[in-house]
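Engineer: Quick one: structure below, then a few questions.
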Amino acid sequence: MQTSRLLLIAGIAIVSVGVVIGTGAFTTVSAERTVSVDTAGDAAALLGLEPGEGGDVDGRVTTPGDQIEITLPGDSADGINEGARTEFRQLVRVSNNGGQNVTSLSFDIDADADRVQYITNTTTTVHEEGENVLDGELAPGEAIEFGIIFDLRAGGFDEGPDYTLTINASTTGGS
């Protein structure tokens, strides 16, 4: 009985010393690794971007440097009317070049968000900034075209004339 008690005390002492001394914990690690990153132009990326059917009209959508650029004239009959609602349909074709279904696709522009809306070629539903424009999912190899609606009936933009359009896409599962 005395021996088992002595062994128990010795075992507890060894475990306690091991916990205090032998945790191997650290607070900071720094390591350098080689990273190789290749980039692709907008048309060849996982989420491909190229001029849509409406973007080809009068050069509204161009691809300088392999990046999409939307130019909507303001000083001609093809421009945006102050005090009016103007639609530009099918400006950009968004292709799923990846291996996963795109489950959410939304747009944000750094202009006055309440004056800009989005519409796709698959529906007549008008979507607000940040709202998912997909009816379902965009499978690999599928594409959708979107357009922009400017509603300037309550006034024009406070800033301008250049804005950045951000396209947000989300996926789930797949390879």
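Bear in mind that the values in this text are calculations on the coordinates, not laboratory data. Everything numeric in this text was worked out from a predicted model, so none of it was measured. Note that each Cβ is placed from the backbone with ideal geometry, even for glycine, and that neighbours are counted across all protein chains shown.
Engineer: Per-residue counts of other Cβ atoms within 10 Å, averaged by peptide: what ranking do you get for 114-126, 83-95, 55-67, highest first? Show your work: numbers first, answer last.
Structural biologist: Working: 114-126: 16.1, 83-95: 18.2, 55-67: 14.4.
So the order, starting with the most tightly packed, is 83-95, 114-126, 55-67.
Engineer: Whole number please: convex hull volume per residue of the Cα set in segment 120-172, in Å³? Write out the running numbers ahead of the final one.
Structural biologist: Details: hull volume 6.1 nm³, N = 53.
Value for segment 120-172: 115 Å³ per residue.
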